[in-house]
Amino acid sequence: MPRSVDVVIVTHNRYELTDSCLRHLRAQTIEHRVIVVDNGSTDGTPERLLGDWPGVQLESLDRNHGFAVASNRGVTCGSGETVVLLNNDVKCRADFLERLIAPLCNSVVGSVASLMLQPGEELIDSLGLAADVTLAGFPRLHGLPARCACDPRPVLAGPAGTAAAYRRAAWEQVGGLDETIFTYMEDFDLALRLRSAGWESVAAPGAVGVHLGSATHGHRSAWQRRNGGFGRGYLLRRYGLPRGAARARALVTEAVVVVGDLLISHDLAALQGRVRGWSAGQCRPHLPRPPAAAIDRQIGFRDSLALRRGVYARRDGSGSGVGLQTPREG
């Protein structure tokens with residue numbers, strides 16, 4: 001029996017992106033319901049959606065509450081067996097949804113990662129997320145040629161919220177996205193919690209979309225780096241610093257990243273975000289460490305730094321690939 005599908009799209013201004021995303025969804029090969037949650041747009045997005053897309057369910061928030069709050073609101077407003085989170089800056093192929101939800105026929109699968117390509121469709125933006133022993137999250141295969149989409153390394157931890165499918169029962173079991181995180185790393189946290197709850201995650205390289213990337217906030221803006229730092233500090237506090245050599249590695253890595261960000265950006269946004277995130281996690285209960293199957297222990301220290309440097313690489317293909325084709329000891 002076909003699965004019912006709710007596609008949840010969060011918007012904040014940039015109506016042209018949402019309009020393009022909806023046009024690609026209209027061409028999909030399977031039936032689905034679209035729920036757009038407007039996160040306090042000030043450019044007339046809600047009014048234009050009502051006029052141009054009467055078949056879309058619109059939920060409007062009074063201000064920008066962040067990606068997690070808006071996504072949870074959209075999921076709650078639906079009832080489909082499958083929930084698909086989709087960024088409004090994604091252009092998906094006509095068979096995208098059909099291929100993305102197919103693995104959910106297996107009852108142990110709780111989430112599915114799609115293949116996001118960079119503009120030009122030659123390089124991978126991500127095929128889900130990977131985690132190292134310090135529970136740092138990275139976009140899998142980022143910067144590698146599209147032909148590498150079936151590579152098994154690094155190990156898949158779970159899908160990226162850019163374009164991901166979730167079994168509603170799994171989503172509801174773990175409580176959806178953590179609304180303490182305004183944006184960035186909330187999808188990684190959800191991936192880890194789903195794996196800790198016993199759900200499997202698989203990649204669907206045939207579910208292809210093009211991700212413009214950072215189209216709303218700008219690549220590497222201070223706002224972006226501050227919120228990314230918050231997510232990292234918050235998760236380090238909630239999951240607890242790793243023990244032994246991994247703990248020393250985590251501390252050294254974070255120090256290197258913060259100093260590197262200072263030298264490149266000439267501000268303390270990354271450090272400020274981490275401090276605030278660490279503080280926010282103080283009053284929240286600790287989470288269990290995810291199972292070993294969700295962690296790629298072959299991502300060494302130098303690999304981890306290379307993956308983080310991918311954040312600063314240009315997205316036009318001129319930056320070095322950080323897909324981690326060959327593991328190194330670190």
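Quick rundown of the values:
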{"item": "Ranked packing of 266-272, 162-168, most packed first, by mean Cβ within 10 Å", "result": "162-168, 266-272"}
{"item": "Full-extension gain in nm, His266 to Arg147, via 0.36 nm per residue minus C-alpha separation", "result": "39.1 nm"}
{"item": "Cα shape, region 1-67, gyration tensor, a/c 1.5 rule", "result": "prolate"}
{"item": "Gaussian network model of the chain, Cα within-10 Å springs - most flexible of Ala248, Ala280, Ala306", "result": "Ala248"}
{"item": "Acute angle (nearest 10 degrees) that the helix 67-77 long axis makes with the longest principal axis of the chain, alpha-carbon atoms", "result": "40 degrees"}
{"item": "Peptide ranges 289-298, 112-121 listed from the most packed, as the mean C-beta count within 10 angstrom indicates", "result": "112-121, 289-298"}
{"item": "Fraction of antiparallel bridges per DSSP, region 5-211 only, in percent to nearest 5", "result": "45 percent"}
{"item": "Unit charges on C-beta of K, R, D, E only; dipole of the chain, Debye", "result": "1160 debye"}
{"item": "Local electrostatic count, Ile30, Cβ distance below 10 Å [Lys/Arg +1, Asp/Glu -1]", "result": "-1"}
{"item": "For region 55-109: Kirkwood Rh in Å [reciprocal of mean 1/r, alpha carbons]", "result": "13.5 Å"}
{"item": "The chain: most fluctuating residue of Asp151, Asp52, Asp38 per GNM, C-alpha cutoff 10 Å", "result": "Asp52"}
{"item": "Most mobile of Leu190, Leu104, Leu262 in a GNM of the chain (Cα contacts under 10 Å)", "result": "Leu262"}
{"item": "Label assignment, Rg and Dmax of the Cα atoms in Å derived from the structure, set [x] 18.7, 58; [y] 19.8, 60; [z] 20.9, 69", "result": "[x]"}
{"item": "DSSP-loop GluC sites (Glu not before Pro) across region 31-72, with at most 15 other Cβ within 10 angstrom", "result": "Glu31"}
{"item": "Residue order, fewest to most beta carbons within 10 Å, for Arg284, Arg48, Arg99", "result": "Arg284, Arg48, Arg99"}
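Bear in mind these aren't lab numbers, they're just calculated from the coordinates by the rules spelled out. From a predicted model like this one, the values you see are computed outputs, not experimental measurements. Using ideal geometry, Cβ is built from the backbone for each residue, glycine included, and neighbour counts are taken over all protein chains shown.
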